[in-house]
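Notes for the one structure printed next.
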Amino acid sequence: MSDQPPVTGRDDIDAACRDVADLGDVPLSEHVDRLTRAHEVVSGALSNVPLVALPQPGGPLAPTLPQPGRR
């Protein structure tokens, strides 16, 4: 695992990532507050982002298994 939080190019998200990157060094009582604030920042940033359709199961990119008795 990296010692550095990710860099997204968005100052608000980068700051939220930095704020939770050191949770191991802060008292447990602060974890919920920090995680809640980070979740709010990321959720707010993603609220207006269009969703991308994922491939349907069984579609052209789905892995295929060999049929029993066939090679």
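The numbers here are math on the coordinates, done by the rules we state, and not lab data. Remember, predicted model here, so these are calculated numbers, not experimental data. Because the Cβ atoms are built from the backbone with ideal geometry, glycine has one as well, and the counts that use them run over all protein chains shown.
Full extension of the chain segment joining residue 47 with residue 29 gains 3.7 nm, where the gain is 0.36 nm per residue of separation less the Cα-Cα distance. Highest mean packing first, where packing is the average number of other Cβ atoms within 10 Å per residue, the peptides 22-31, 43-52, 9-18 line up as 9-18, 22-31, 43-52.
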